[in-house]
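The structure appears right after this line, and notes come after that.
The values are calculated or read from the model by the stated rules, or taken from the named source; none is laboratory data. Values in this document were obtained by computation on a predicted structure and should not be read as measured data. Here the Cβ is made from the backbone with ideal geometry for all residues, glycine too, and neighbour counts use every protein chain on show. SASA here: full protein model, heavy atoms, side chains in, ligands and nucleic acids out. Shrake-Rupley method; radii C 1.70, N 1.55, O 1.52, S 1.80 Å.
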Amino acid sequence: MITVDGLTVEFSGATLFKDISFSINEKDRIALMGKNGAGKSTLLKILAGAQKATRGKVSAPKDTVIAYLPQHLMTEDNRTVFDETARAFASIFDMEQRINEINEQLATRTDYESESYYQLIEEVSALSERFYSIEEINYDAEVEKTLLGLGFMREDFTRPTNEFSGGWRMRIELAKILLQKPDLILLDEPTNHLDIESIQWLEDFLVNNAKAVIVISHDRAFVDNITTRTIEVTMGRIYDYNVNYSKYLVLRKERREQQQKQWEEQQKMIAETQEFIERFKGTYSKTLQVQSRVKMLEKLELVEVDEEDTSALRLRFPQSPRSGSYPVTCEGVGKSYGDHVVFSNANFTIERGQKVAFVGKNGEGKSTMVKCIMNEIKHDGKLTLGHNTMIGYFAQNEASMLDENITVFQTIDDIAKGDVRTKIKDFLGAFMFGGDDINKKVKVLSGGERTRLAMIKLLLEPVNLLILDEPTNHLDMKTKDILKSALQDYDGTLILVSHDRDFLDGLVHKVYEFGNKKVVEHLEDIKGFLAKKKMENLRELEKKN
């Protein structure tokens, strides 16, 4: 059991949280919740030993292994993917090497009575006890199984890690963490760079193989599927619920309503008491009663109502100009790079007003198909855009492509035209950029703020075919809900590339699956598609068995 006792964190006079205490038990699956800036990532770093608290302590039994996957990771090395992942077992290999070294020394030395000889015997005994208590592992097989589960191909195993993007390097770090079988796994936004199949694999691993887990995530389905306990960080304190995220939201609403009622009752009592004091403070016969009530007010502990994030994104897409009946028609479309076939012979038609999802493992051609539709790359076959099709495109890296050295206001002012220029402040206010926020440089914005700013650029011109490539990365749950609602009301055609099942649920009604160099059309929504895929996977497993 790991205990957190009286933890306090202060930054330049401001208190992030104060005197928080809780325990982490084996098999705990904890979601760490709270609005941006509440201190969630800071708490994770303290648990990982990567940051120190102002006061308080974290206690754990000796030899407890805590593994931490931060939100942003920068590693540089020239090892292969397989060799870097196998470093998860480095401590075991080092232990085995040390045991061999000591045994060699003991076999050749003759100073049996010396203190140093006895120390070697004690060290090798302790190391051997630990080493032989570890169950026998086929290390290569474990590395291979984990890498394949996280979406790597066998041919990737021998490639240097520096050939991979940040998202794939994050998966290598995640693989190393899972292979260490730690006592506590700390994950900060682990699903941002994973496709749907890899997320399902990770869920299964955490539920069935991990010991204790604490996760920060904006992926509601992921959080609900793996967690059984929710710790909320708010206003410098914590609330601990033994339920998953969805049930916590209900209990949190009830808690806030109860606090509001208690606050109103207390305010009424304070007002009545103050009125009594004012009325009778000069009356001799009431002196003791007045003094008693003054002291009572001085000692009164005020009821606090937990803050509610009242900032609201008022998001509506402009009415779309009418397009032809079939905005996108693919006939035998394919794309290859040399001998590498991404996909071939794709045939489908997207009708006006349809909302569809492109899903599949990373690297199977979802973003490549989007580039074909955008006419950014050459391709085989015939791809036709319908009459008057006007595309609005949100790229996966749209937020990172913003100019970091200009302000929020300048970012929009530089591209706004006509009447929109007189309404830029209103536009920014609707996207939660109020007051001095509009003068902030883009480089100081969080990932979610950058995504919101990039989204504003999409809304400046009316379009009738929206293509969004992973638009929910870095968005908090509330903003995602608002974006989803706006997309449900959008009257144009929507192509959505996303791994976020909760976001896709109820939004898209047709799924295009990219995989095995093919594009397969599924006429179900995302729930139906996933249910069907799990059945297929089970049948394939039975055939192999």
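Any residue in segment 456-464 that is among the hydrophobic types (A, V, I, L, M, F, W, C), at pLDDT 90 or above and surrounded by 14 or more Cβ atoms within 10 Å (Cβ to Cβ)?
The answer is no, given that none of the residues of segment 456-464 is among the hydrophobic types (A, V, I, L, M, F, W, C), at pLDDT 90 or above and surrounded by 14 or more Cβ atoms within 10 Å (Cβ to Cβ).
Please name all residue pairs, on different chains or six or more residues apart, with Cβ atoms under 9 Å, provided the first residue is in segment 400-421 and is among the basic types (Lys, Arg) and the second residue is part of a helix (DSSP H, G or I) and loosely packed, with under 10 Cβ neighbours inside 10 Å.
Every condition considered, no pair remains.
Let me confirm something: among Val444, Val511, Val520, which residue is β-branched (Val, Ile, Thr), surrounded by fewer than 19 Cβ atoms within 10 Å (Cβ to Cβ), closer than 26 Å to His193 by Cα and at pLDDT 90 or above?
Val520
Just one of Lys335, Lys268 is among the basic types (Lys, Arg) and surrounded by 15 or more Cβ atoms within 10 Å (Cβ to Cβ); which is it?
Result: Lys335 is the single residue among Lys335, Lys268 that is among the basic types (Lys, Arg) and surrounded by 15 or more Cβ atoms within 10 Å (Cβ to Cβ).
Part of a loop (DSSP other than H, G, I, E, B) and open to solvent by 10 Å² or more (accessible area, probe 1.4 Å), is that true of Asp436?
Criteria not met by Asp436.
Working carefully through the options Val290, Val243, find the one that is of a type in the set (A, V, I, L, M, F, W, C), open to solvent by less than 50 Å² (accessible area, probe 1.4 Å) and either without any contact (Cβ under 8 Å) to a residue 12 or more places away in the chain or not in a helix (DSSP H, G or I) (or both).
That would be Val243, the only listed residue that is of a type in the set (A, V, I, L, M, F, W, C), open to solvent by less than 50 Å² (accessible area, probe 1.4 Å) and either without any contact (Cβ under 8 Å) to a residue 12 or more places away in the chain or not in a helix (DSSP H, G or I) (or both).
Would you mention how many residues in segment 201-213 are in a helix (DSSP H, G or I) and either without any contact (Cβ under 8 Å) to a residue 24 or more places away in the chain or under 15 Å from Glu26 (Cα atoms) (or both)?
Number of matching residues: 5.
If you check Tyr112, Tyr118, which single one turns out to be in a loop (DSSP other than H, G, I, E, B) and either of a type in the set (Lys, Arg) or open to solvent by 90 Å² or more (accessible area, probe 1.4 Å) (or both)?
Tyr112
Could you please tell me which pairs satisfy a Cβ distance under 6 Å, a separation of 6+ or placement on different chains, a first residue in segment 78-103 that is acidic (Asp, Glu), and a second residue that is at pLDDT below 90?
As it stands, the answer is Glu84/Thr161; Glu84/Ile172, since those pairs meet every condition given.
What strands (runs of 3 or more DSSP E) lie completely within segment 351-430 and have 1 or more residues being surrounded by 16 or more Cβ atoms within 10 Å (Cβ to Cβ) and more than 25 Å from the chain's Cα centre (by Cα)?
Qualifying strands (runs of 3 or more DSSP E): 380-385, 391-394.
How do the pairs read when you match residues in segment 259-270 that are free of Cβ contacts under 8 Å to residues at least 40 places away in the same chain and in a helix (DSSP H, G or I) with residues anywhere that are of a type in the set (Val, Ile, Thr) and open to solvent by 100 Å² or more (accessible area, probe 1.4 Å), using Cβ under 6 Å and keeping only pairs 6 or more apart or on different chains?
Listed pairs, sorted by first residue: none to list.
State which residue pairs qualify: first residue among the aromatic types (Phe, Trp, Tyr) and inside segment 358-375, second residue open to solvent by 10 Å² or more (accessible area, probe 1.4 Å) in any location, beta carbons under 6 Å apart, and separation of 6 or more residues or different chains.
Phe358/Lys366
Quick check, is Ser198 part of a helix (DSSP H, G or I), more than 23 Å from Met1 (Cα to Cα), hydroxyl-bearing (Ser, Thr, Tyr) and open to solvent by 20 Å² or more (accessible area, probe 1.4 Å)?
no
Residue by residue, here is whether (1) at pLDDT 85 or above; (2) farther than 22 Å from Ile214 by Cα; (3) surrounded by fewer than 19 Cβ atoms within 10 Å (Cβ to Cβ) holds:
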residue	(1), (2), (3)
Leu7	yes, no, no
Ala48	yes, no, yes
Ala60	yes, no, yes
Leu73	no, no, yes
